[in-house]
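Report on the following structure.
The values are calculated or read from the model by the stated rules, or taken from the named source; none is laboratory data. The structure presented is a predicted model; accordingly, all values stated were derived computationally and were not measured. Cβ: placed from backbone, ideal geometry, glycine included. Neighbour counts: every protein chain shown. Only protein heavy atoms, including side chains, enter the accessible area calculation; ligands, DNA and RNA are left aside. Shrake-Rupley method; radii C 1.70, N 1.55, O 1.52, S 1.80 Å.
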Amino acid sequence: MSTATQEVLDGIRAEVATLLCGQQVSAIEPDTLIREILDSMLFVGLLVRVEKHFSIEISDQAIYENAIVSFGDLADCICAQQLVVADNQANPG
């Protein structure tokens, strides 16, 4: 796992801990299934929080097309979105 992906996963862990009122979330690994930790409503809340945390937007289409089922999938999606944002900022218009 790259350093960038590890940093994103750490950010996800922090946001999940906030959603779960500080419960220990260190057990969240890239292959941990999201549904093992969060129900669908909390997952939506997590998406809102990570979009704000990482200053990105994750479309519903991206979630379904990328089959985001694990926290590693979510971290990969966030990293990809960060690259898109960086590219758009470097090459506006």
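Select from region 19-41 the residues that are assigned to a helix (DSSP H, G or I) and exposed (fewer than 15 other Cβ atoms within 10 Å of the Cβ) and list them in ascending order. Spell out how you get there, then give the answer.
Looking only at region 19-41, we keep the residues that are assigned to a helix (DSSP H, G or I), and these are 19, 34-37, 40-41.
Residues satisfying the conditions are ARG35, GLU36, SER40, MET41.
When you check PHE54 against the structure, is it open to solvent by less than 50 Å² (accessible area, probe 1.4 Å) and without any contact (Cβ under 8 Å) to a residue 12 or more places away in the chain, yes or no?
On the way: open to solvent by less than 50 Å² (accessible area, probe 1.4 Å): yes; without any contact (Cβ under 8 Å) to a residue 12 or more places away in the chain: no.
It is false that PHE54 is open to solvent by less than 50 Å² (accessible area, probe 1.4 Å) and without any contact (Cβ under 8 Å) to a residue 12 or more places away in the chain.
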Completion exercise
Those residues of region 1-12 which are surrounded by 12 or more Cβ atoms within 10 Å (Cβ to Cβ) and among the hydroxyl-bearing types (Ser, Thr, Tyr) amount to THR5
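Determine whether GLU15 is open to solvent by 90 Å² or more (accessible area, probe 1.4 Å), over 17 Å from VAL85 (Cβ atoms) and either of a type outside the set (Lys, Arg) or in contact with a strand residue (DSSP E or B) (Cβ under 8 Å, 6 or more places away or on another chain) (or both). Outline the logic, then answer.
Details: open to solvent by 90 Å² or more (accessible area, probe 1.4 Å): no; over 17 Å from VAL85 (Cβ atoms): yes; either of a type outside the set (Lys, Arg) or in contact with a strand residue (DSSP E or B) (Cβ under 8 Å, 6 or more places away or on another chain) (or both): yes.
No: the conditions fail for GLU15.
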Practice task
Kindly indicate whether any position in region 78-89 is touching a Leu at 6+ places or on another chain (Cβ under 7 Å), buried (at least 16 other Cβ atoms within 10 Å of the Cβ) and on the phi < 0 side of the Ramachandran plot.
Solution key: no
